[in-house]
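Chemist: Before I ask anything, here is the structure I am working with.
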Amino acid sequence: KHVKVVLTGDGGDELFAGYGRYRTVGRFPHVSGLAAAVPLIDRLPFFAYRAKLRRAAGLLGGKGAARTRALTEVFSRHDRERLLGADAATAALGPSFETGNRDVDAALAFDLGIYLPDDLLVKMDIASMHFGLEARCPLLDHVLGELVIPLPAAAKQNATEGKLLLKAAARDLVPPAILARAKRGFGSPVEAWLAGPLKALSGDCLLARGAWLRGHLDGRVIDQVVADAHRGRGNAHQAWALLALELWSRAGRGAGGASLEVANQAR
């Protein structure tokens with residue numbers, strides 16, 4: 001109502017090692033051959049800590065950006081193969097820098113090359129443009145990036161905290177309580193939603209015979225993902241992602257006629 005341009009903090013975590021997972025990938029050693037256990041774990045019957053065990057095996061058995069992928073991906077390669085069959089693929093990993101701790105640098109590169117442009121900046125653009133706001137990201141200025149990216153990981157984080165350089169630069173501008181405050185994310189309680197108030201909606205959307213997704217993905221896998229989420233087990237973020245995709249497909253067909261169907265045929 002009162003301004004046309006806003007500044008955002010996007011890029012701060014990815015440039016200055018703000019996320020806790022950067023300390024995770026730098027703390028644990030590589031265990032040769034353990035990555036081969038990931039598909040075996042995926043094939044085990046459900047048990048309470050299966051997802052955590054798979055992430056741990058992917059983290060310890062992986063190198064470079066594969067470690068951060070293991071910590072962040074919603075669907076594993078095995079999950080994608082079950083859903084998509086022969087069409088399953090894995091996006092190319094970001095380049096690994098050769099300075100400092102390579103696993104941490106690779107995690108930063110992964111987020112700068114994939115997570116930031118394909119997720120965070122997309123959401124910021126959608127939210128700001130919806131209200132006619134121009135959003136600017138000063139921390140993503142290329143001059144700043146060229147200065148910060150080559151620096152060793154030890155200059156950006158220690159064993160307990162990240163953004164060391166950014167905090168030092170802002171120490172005389174920001175109250176001490178803000179500098180010392182623990183990082184807080186924007187996570188949503190999707191587990192509670194899907195097992196509670198959104199249980200009926202997700203079932204109606206994803207289990208219906210006419211669901212758009214069921215014409216493109218394996219319905220048996222969708223059924224299992226939804227059933228696990230409704231029982232409050234498994235990886236609820238998988239059901240959440242499928243629900244979002246189904247609702248998006250319906251909105252696209254409603255707003256643009258058969259636009260999605262045409263696009264699919266063209267593919």
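Chemist: When the dipole is taken about the Cα centre of region 142-225, and only Lys, Arg (+1) and Asp, Glu (-1) are charged at their Cβ, what size is it in debye, to the nearest 20?
Modeler: Roughly 180 debye, rounded to the nearest 20.
Chemist: Beyond 34 Å, how much of the Cα-Cα pair distribution for the chain remains, as a whole percent?
Modeler: Value for the chain (Cα pairs over 34 Å): 29 percent.
Chemist: Which value, in Å to one decimal place, does the Kirkwood hydrodynamic radius take for region 151-205 when every pair of different Cα atoms is included?
Modeler: The Cα-based Kirkwood calculation yields 14.7 Å.
Chemist: Next up: With runs of 4+ DSSP H residues as the only contributors, calculate the mean residue ellipticity of the chain at 222 nm using -39,500 (n - 2.57) per run, divided by the residue total and rounded to the nearest 500.
Modeler: Theoretical 222 nm ellipticity from helices: -14500 deg cm²/dmol.
Chemist: I want to verify a result. In a Gaussian network model of the chain, Cα cutoff 10 Å, which of these has the top mean-square fluctuation: GLY203, GLY132, GLY232?
Modeler: Highest fluctuation among the options: GLY132.
Chemist: In addition: Using the alpha-carbon atoms, what tilt in degrees (0 to 90, nearest 10) does helix 121-130 show relative to the longest principal axis of the chain?
Modeler: 80
Chemist: On full extension of the chain, what length is gained from GLN224 through LYS123, given 0.36 nm per residue of separation minus the C-alpha to C-alpha distance?
Modeler: 33.4 nm
Chemist: Hey, if we sort PHE75, PHE186, PHE131 by accessible area with the 1.4 Å probe, largest down, what's the order?
Modeler: So the residues, ranked largest to smallest area, are PHE186, PHE131, PHE75.
Chemist: Sticking with this one: I want the local charge near GLY187. Using Cβ-Cβ distances under 15 Å, sum +1 for each Lys or Arg and -1 for each Asp or Glu among the other residues.
Modeler: Local net charge: +1.
Chemist: May I pose another question? Could I have the simple spin-label model distance between ALA155 and VAL143, label points 7 Å from Cα toward Cβ, reported in nm to one decimal?
Modeler: Computed distance between label sites ALA155 and VAL143 equals 1.8 nm.
Chemist: 5 Å is the cut-off here: which amide hydrogens, built 1.01 Å from N in the peptide plane, fall below it relative to ALA135, excluding neighbours closer than 5 in sequence?
Modeler: Excluding prolines and chain starts, which carry no amide H, the hits are VAL6.
Chemist: I would also like to ask the following. Compare TRP193, TRP248, TRP212 by solvent-accessible area with a 1.4 Å probe and give them largest first, with all protein chains kept in place.
Modeler: Reading off the accessible areas and sorting them downward yields TRP248, TRP193, TRP212.
Chemist: Simple spin-label model, 7 Å along Cα-to-Cβ: HIS130 to ALA244 in nm?
Modeler: Between HIS130 and ALA244, the label points sit 1.3 nm apart.
Chemist: Mind grabbing the accessible area of MET129 for me, 1.4 Å probe, Å², rounded to tens?
Modeler: 90
Chemist: Would you mind checking the pairs LYS123/LYS199; LYS52/LYS167; LYS163/LYS199; LYS123/LYS156; LYS4/LYS156 and listing those with alpha carbons more than 30 angstrom apart?
Modeler: LYS52/LYS167; LYS163/LYS199; LYS4/LYS156, as the Cα separations exceed 30 Å there.
Chemist: Using a 7 Å offset from the Cα along the Cα-to-Cβ direction at both ALA169 and LYS63, what is the distance between the two label points in nm, to one decimal?
Modeler: 3.3
Chemist: With every protein chain left in place, what is the accessible area of TYR49 in Å² (1.4 Å probe, nearest 10)?
Modeler: Roughly 150 Å² of TYR49 is accessible to a 1.4 Å probe.
Chemist: Sticking with this one: Over region 124-163, what per residue volume does the convex hull of the Cα atoms give, in whole Å³?
Modeler: Once divided by residue count, the hull of region 124-163 is 91 Å³.
Chemist: Let me ask something else about it. Lys and Arg at +1, Asp and Glu at -1: add these up for the other residues within a Cβ distance under 11 Å of ALA241 and post the number.
Modeler: -3
Chemist: Step through the residues of region 139-149 one at a time and calculate ³J(HN,Hα) from phi using the Karplus curve (6.51 cos²θ - 1.76 cosθ + 1.60, θ = phi - 60°), rounding each to whole Hz and writing x for Gly and Pro.
Modeler: 6, 9, 4, 5, 5, 5, x, 5, 7, 8, 4
The values are calculated or read from the model by the stated rules, or taken from the named source; none is laboratory data. Not measured: the values here are computed from a predicted model. Virtual Cβ from ideal backbone geometry, glycine too; neighbours counted across all protein chains shown. Heavy atoms of the whole protein, side chains included, go into the accessibility calculation; ligands, DNA and RNA do not. Shrake-Rupley method; radii C 1.70, N 1.55, O 1.52, S 1.80 Å.
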